[in-house]
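The structure under discussion appears below in the form of structure tokens.
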Amino acid sequence: MTPALSFEELLAWSDESTQRWFQFLAENPAVLDLPCGIYGTSNVLGLVRHIVVVEMRHGQRLSGETVSTYEQFPGGPLEALLDLHNEAIAHFRKLLADSTQDWAAEMEFTSLTAGTLRSSRRKLLAHSLLHAVRHWAQLSTLTRAAGFSTGFAGDLLLSSALQ
Amino acid sequence: MTPAIHLNDLLSWNQESADFWKAHFDANPALLALPCGIDNAPNVQEFVRHIWMAELRWAQLLAGLPVTARTDLPAGPLDALFDLHQQGVKILCTLLNDPSYDWDKTIELDYDWLPPHARTATRLKIAGHVLFHGQRHWAQLATLVRVTGFPSDFLGDLIFSATVK
């Protein structure tokens with residue numbers, strides 16, 4: 001069997017990163033107003049919204065629910081965005097606990113940026129869990145340049161999500 | 001089947017990203033001189049060195065090979081740095097193709113920059129770290145070059161990978 005990281009481990013790492021960032025942002029609310037530009041957002045709050053909205057939309061999509069439009073999700077405040085993230089994580093946990101899920105099945109969906117895409121459900125779930133990890137890394141570049149130090153690193157090696 | 005992301009998937013994705021940035025720097029060599037600051041790298045070339053040097057050194061450690069000292073590795077040019085990446089990938093491929101390699105074995109990491117909880121890790125976790133390390137840094141670099149006025153059009157998300165199915 002080829003070595004692999006379980007999705008439970010990836011989910012734990014992704015959630016750990018997001019919870020740390022929300023705590024940092026709650027303690028440093030001025031960061032939310034920093035100009036951003038990542039994914040075309042105007043400020044950091046907009047990027048945080050993008051991160052959790054993508055998680056929620058993929059969680060709905062993988063669960064076979066109606067996918068909400070981007071505009072249907074709140075623009076803030078931070079607590080509302082954390083609720084969205086927690087709701088998405090609950091979707092993912094429920095899916096991972098369901099042994100009947102067919103992860104090899106292919107699905108077609110419309111991306112916010114790249115039009116119609118086709119992938120296995122496994123790939124979409126992996127993307128859903130790693131999307132935030134990459135954006136938090138980008139945000140760390142932006143906040144450091146603006147003079148804010150998070151005091152934590154996002155590397156998997158430093159995570160408690162797996163041994 | 002328990003869903004998982006295989007190290008082979010991560011290695012393919014890693015290669016796609018490395019190839020993108022190698023080609024992008026070949027086409028835009030001036031980017032390598034941009035001030036950086038990420039991981040204390042003074043410029044982008046030093047940052048790229050950090051990314052690919054880390055791959056090689058972690059791969060050597062996983063393979064039980066002598067880990068080359070940072071000071072013994074080249075500072076450039078770009079081709080020499082990319083060769084570090086290729087050497088690291090070659091070692092990782094060898095390990096991934098070895099059915100007897102025990103990925104659950106733990107390794108003690110005696111590095112003072114690591115917090116105590118992270119100083120023991122399975123080979124699997126270290127390999128995962130190696131392969132995500134570059135992805136996170138490329139994402140940071142994409143932000144840095146865009147902010148500096150040189151957008152790369154890098155599509156680094158896994159969903160855009162052509163090799164991961």
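The values are calculated or read from the model by the stated rules, or taken from the named source; none is laboratory data. Bear in mind that the values here come from a model prediction, so they are computed numbers and not experimental data. Virtual Cβ from ideal backbone geometry, glycine too; neighbours counted across all protein chains shown.
The numbered conditions (1) over 23 Å from B:Gly156 (Cβ atoms); (2) in contact with a Leu (Cβ under 9 Å, 6 or more places away or on another chain) are all true for A:Trp13 except (1).
Residue under question is A:Ala114, and the condition is that it be more than 15 Å from A:Asp15 (Cα to Cα), of a type in the set (Gly, Ala, Ser), facing another protein chain (nearest Cβ under 9 Å) and in contact with a helix residue (DSSP H, G or I) (Cβ under 9 Å, 6 or more places away or on another chain); does it hold? Spell out how you get there, then give the answer.
On the way: more than 15 Å from A:Asp15 (Cα to Cα): yes; of a type in the set (Gly, Ala, Ser): yes; facing another protein chain (nearest Cβ under 9 Å): yes; in contact with a helix residue (DSSP H, G or I) (Cβ under 9 Å, 6 or more places away or on another chain): yes.
So A:Ala114 fits the description; yes.
Sub-7 Å Cβ pairs linking a first residue in the stretch A:125-138 that is free of Cβ contacts under 8 Å to residues at least 60 places away in the same chain and facing chain B (nearest Cβ under 7 Å) to a second residue that is among the polar types (S, T, N, Q) and part of a helix (DSSP H, G or I), at least 6 apart or interchain, are A:Arg134/B:Gln135; A:Ala137/B:Gln140, ordered by first then second residue.
Among the candidates B:Asp157, B:Asp153, B:Asp112, which residue alone is at the interface with chain A (Cβ under 10 Å from one of its Cβ atoms), of a type outside the set (A, V, I, L, M, F, W, C) and within 28 Å of A:Leu139 (Cβ to Cβ)?
Values: B:Asp153 fails: at the interface with chain A (Cβ under 10 Å from one of its Cβ atoms); B:Asp112 fails: at the interface with chain A (Cβ under 10 Å from one of its Cβ atoms).
Criteria check complete, one pass: B:Asp157.
Criterion first (out of contact with any helix residue (DSSP H, G or I) (no Cβ under 6 Å at 6 or more places or on another chain), in a helix (DSSP H, G or I), modelled with pLDDT of 95 or more and buried (at least 16 other Cβ atoms within 10 Å of the Cβ)) does A:Gln23 satisfy it?
On the way: out of contact with any helix residue (DSSP H, G or I) (no Cβ under 6 Å at 6 or more places or on another chain): yes; in a helix (DSSP H, G or I): yes; modelled with pLDDT of 95 or more: yes; buried (at least 16 other Cβ atoms within 10 Å of the Cβ): no.
When the stated conditions are applied, A:Gln23 does not pass them.
Residues of the stretch A:92-121 that are in a helix (DSSP H, G or I) and either surrounded by 22 or more Cβ atoms within 10 Å (Cβ to Cβ) or free of Cβ contacts under 8 Å to residues at least 12 places away in the same chain (or both): A:Phe92, A:Ala97. Flag: B:Leu61 does not match the condition of being within 14 Å of chain A (Cβ to nearest Cβ), under 18 Å from the mean Cα position of the chain (by Cα), at pLDDT 95 or above and under 16 Å from B:Asn14 (Cβ atoms).
Candidates are the residues of the stretch A:139-150 that are facing another protein chain (nearest Cβ under 8 Å) and without any contact (Cβ under 8 Å) to a residue 40 or more places away in the chain; the one that is nearest to A:Met56 (Cα to Cα) is A:Ser140. For the residues B:Leu84, B:Leu56, the requirement of being closer than 30 Å to B:Leu144 by Cβ and either in contact with a Lys or Arg (Cβ under 8 Å, 6 or more places away or on another chain) or at pLDDT below 95 (or both) singles out B:Leu84. Within the stretch B:83-93, can one find any residue that is surrounded by fewer than 19 Cβ atoms within 10 Å (Cβ to Cβ), of a type outside the set (S, T, N, Q), more than 8 Å from every other protein chain (Cβ to nearest Cβ) and in contact with a Pro (Cβ under 9 Å, 6 or more places away or on another chain)? Yes: one or more hits.
Looking at B:His117, B:His129, B:His133, B:His137, can you tell me which residue is touching a His at 6+ places or on another chain (Cβ under 8 Å) and either among the aromatic types (Phe, Trp, Tyr) or within 11 Å of another protein chain (Cβ to nearest Cβ) (or both)?
Among B:His117, B:His129, B:His133, B:His137, only B:His137 is touching a His at 6+ places or on another chain (Cβ under 8 Å) and either among the aromatic types (Phe, Trp, Tyr) or within 11 Å of another protein chain (Cβ to nearest Cβ) (or both).
Do we find a residue being assigned to a loop (DSSP other than H, G, I, E, B), touching a residue at least 40 places away in the same chain (Cβ under 8 Å), of a type outside the set (Phe, Trp, Tyr) and within 12 Å of chain A (Cβ to nearest Cβ) anywhere in the stretch B:19-36?
Initially, the stretch B:19-36 is screened for residues assigned to a loop (DSSP other than H, G, I, E, B), giving B:28, B:34, B:36.
Keeping just the survivors that are touching a residue at least 40 places away in the same chain (Cβ under 8 Å) gives B:28, B:34, B:36.
When the remaining residues are screened for being of a type outside the set (Phe, Trp, Tyr), the result is B:28, B:34, B:36.
Within this subset, residues satisfying the condition of being within 12 Å of chain A (Cβ to nearest Cβ) are B:36.
Yes - at least one qualifying residue is present in the stretch B:19-36.
Can you pull out the residues in the stretch A:122-163 that are of a type outside the set (Phe, Trp, Tyr), over 20 Å from A:Phe7 (Cα atoms) and part of a loop (DSSP other than H, G, I, E, B)? Those that are of a type outside the set (Phe, Trp, Tyr), over 20 Å from A:Phe7 (Cα atoms) and part of a loop (DSSP other than H, G, I, E, B): A:Ala146, A:Gly147, A:Ser149, A:Thr150, A:Gly151, A:Ala153. Here is the figure for the stretch A:45-54: residues that are more than 12 Å from every other protein chain (Cβ to nearest Cβ) and farther than 15 Å from A:Ser128 by Cα total 2.
Answer yes or no: is there a residue in the stretch B:37-47 that is part of a helix (DSSP H, G or I), touching an Asp or Glu at 6+ places or on another chain (Cβ under 8 Å) and surrounded by 20 or more Cβ atoms within 10 Å (Cβ to Cβ). There is at least one residue in the stretch B:37-47 that is part of a helix (DSSP H, G or I), touching an Asp or Glu at 6+ places or on another chain (Cβ under 8 Å) and surrounded by 20 or more Cβ atoms within 10 Å (Cβ to Cβ). Scanning the stretch B:65-78 for residues that are within 26 Å of B:Ala4 (Cβ to Cβ) and assigned to a helix (DSSP H, G or I) turns up nothing.
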